[in-house]
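Data block below; observations after.
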Amino acid sequence: MTYTEASMDALRRTGDELADATVTTLFERGEVGKFNTLMRYVSTAGAPLPDGLPDVAREYLQATSAPPAWVDWGQMEKARLFFLDNNVHISTALSFASMPACYVVPHVARLLSATHGLKYPSKRMAETGQFTVHLMRPDAFEAGSRFIPAAQKVRLLHAAIRHHLLREDRWDTGALGTPICQEDMIGGQMFFSLLVLDSLHRLGIHMSEEGAEAYYYAWRVVGAMLGVDQDAVPETLDEARRFLDLYMIRHMGPSEEGAHLTRQLIDLYEEVVPGTFFDPIVSALIRHLVGDTCADWLRVPRTPWDTAVKAVPRLLGVLETIEDRSPLGAWALDRLGHLTTVFELSSLTRGRVMHYAIPEQLKKDYGVSTAVPRTRRWTPPEPRIPS
């Protein structure tokens, strides 16, 4: 697949027809509050839909209640095992590479600011972490799982943001295209898949090509369930690289919102890390994983740990050697990784289940600037396709 400025521009003008129509009808009929109240208690796949649910919502939920027919379940199982083997590393990459990458796209940073406000970074991180954990469970697509309802609600959340920004004339479609457009949704899919694989490579994690491809495939399935046009999605890691490189060149740059969100992300994780001695490692990891150019745009502080963190790959290499040579060591490290991920998620959620609801309005005090964000062109680094 070939990606050009023209093809990317076309993706900028397109949203998600099914979800957009559903949300528009709910707002027109004044049924958003009813939908949110009733759906708060529908959190598992296969659960009966409540009486009184608006017809348009019921039709949407029935149409999106199953994964795409083309899913290769063998690949999905490989992806799940890849996640289990690398869960703590993947969590690190999602937290310290994928999220900052979102913030280094100025218009995406503004969208995140408008959606959650700048005061609630833990909610945003908790929702992302919970969503990923639901995805990688063995029963993610079976009755009783939490992933499918979460995906259905997140898709409507995106449509609601488009609805508010366009209805309230808070988005310059001439300059920026459709909010949460197909290009940005695919870009986000790349941040949570390809960029994670890049980060694992940068951390010195040894991955098979088969495992990396399976992990990327799983996020293609996620994209389909979130309303991403599969005809436009890169099918292979090589195609994904070309898309991500062009997306970076087109959009990445500094912004006040991006710097603010990054500062809050750093503060949040410094609270999670016990004590204060290791606090600087949060900034150092972000800088190590996203590179100095992006880190400077996000105003990530430089610390004495910037050099020390480069030793992380060697430390992880020692742990991998233990894992390879000792079944007991492998079990212990896998268990430690699972517990670390659970601890991180519980720290962010404070023990609560995160609910994805259609926002009845956006934050007024943290609105989206309609000015065209000024960005500096960035030449992407050499490709780091895992092998």
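Observations on the model:
- Selection of first residues in region 138-151 that are without any contact (Cβ under 8 Å) to a residue 40 or more places away in the chain and of second residues that are part of a loop (DSSP other than H, G, I, E, B), restricted to Cβ pairs under 7 Å at least 6 apart or on distinct chains, gives the following pairs, ordered by first then second residue: Asp139/Ser145.
- Among the residues making up region 87-114, those that are at pLDDT below 85 and either of a type in the set (Lys, Arg) or open to solvent by 20 Å² or more (accessible area, probe 1.4 Å) (or both) are Val88, His89, Thr92, Leu112.
- Residue in region 70-89 that is under 30 Å from Trp297 (Cβ atoms), touching a His at 6+ places or on another chain (Cβ under 9 Å) and assigned to a helix (DSSP H, G or I) present: yes
- Search result, residues across region 48-82 that are of a type in the set (A, V, I, L, M), more than 21 Å from the chain's Cα centre (by Cα) and open to solvent by 70 Å² or more (accessible area, probe 1.4 Å): Ala63, Ala69
- Residue match in region 204-217 (condition: in contact (Cβ under 8 Å) with a residue 40 or more places away in the chain, hydroxyl-bearing (Ser, Thr, Tyr), surrounded by fewer than 24 Cβ atoms within 10 Å (Cβ to Cβ) and in a helix (DSSP H, G or I)): yes
- Checked against the criterion of being crowded, with 22+ Cβ neighbours inside 10 Å and at pLDDT 95 or above, the candidates Gly227, Gly253 yield just one match: Gly227.
- Hits in region 15-33 - residues which are surrounded by fewer than 16 Cβ atoms within 10 Å (Cβ to Cβ) and in contact with a Pro (Cβ under 9 Å, 6 or more places away or on another chain): Arg29
- Whichever residue in region 223-243 is free of Cβ contacts under 8 Å to residues at least 60 places away in the same chain and assigned to a helix (DSSP H, G or I) and, among such residues, is farthest from Ala66 (Cα to Cα): Ala240
- Condition check for Ala151 on (1) among the small types (Gly, Ala, Ser); (2) over 27 Å from Cys294 (Cα atoms); (3) modelled with pLDDT under 90: one failure, at (3).
- Test: residue in region 322-330 that is part of a helix (DSSP H, G or I), modelled with pLDDT under 80 and under 24 Å from Gly258 (Cα atoms): no
- Residue in region 306-315 that is among the charged types (D, E, K, R), at pLDDT 80 or above and either within 27 Å of the chain's Cα centre (by Cα) or at positive phi (or both) present: no
- Taking each residue of region 280-297 that is over 18 Å from Ser255 (Cβ atoms) and open to solvent by less than 10 Å² (accessible area, probe 1.4 Å) and looking for partners that are basic (Lys, Arg) and at pLDDT 90 or above with beta-carbon atoms closer than 9 Å, six or more apart or interchain, yields Ser283/Arg302; Ala284/Arg302.
- Listed by first and then second residue, the pairs with beta-carbon distance under 7 Å, at least 6 apart or on different chains, first residue in region 66-83 and touching a residue at least 40 places away in the same chain (Cβ under 8 Å) and under 16 Å from Ser208 (Cα atoms), second in a loop (DSSP other than H, G, I, E, B) and of a type outside the set (A, V, I, L, M), are Arg80/Pro138.
- Of the set (1) in a helix (DSSP H, G or I); (2) under 22 Å from the mean Cα position of the chain (by Cα); (3) within 18 Å of Glu59 (Cα to Cα); (4) of a type outside the set (S, T, N, Q), all apply to Ala45 but (1).
- When residues in region 158-191 are screened for being over 14 Å from the mean Cα position of the chain (by Cα) and assigned to a helix (DSSP H, G or I), 15 of them pass.
The values are calculated or read from the model by the stated rules, or taken from the named source; none is laboratory data. In this text the structure is predicted, and so the values were computed from the model without any measurement. Heads up, the Cβs are rebuilt from the backbone with ideal geometry, glycines too, and the neighbour counts pull from every protein chain shown. Keep in mind that these areas ignore ligands, DNA and RNA; they rest on the heavy atoms of the full protein, side chains included. Shrake-Rupley method; radii C 1.70, N 1.55, O 1.52, S 1.80 Å.
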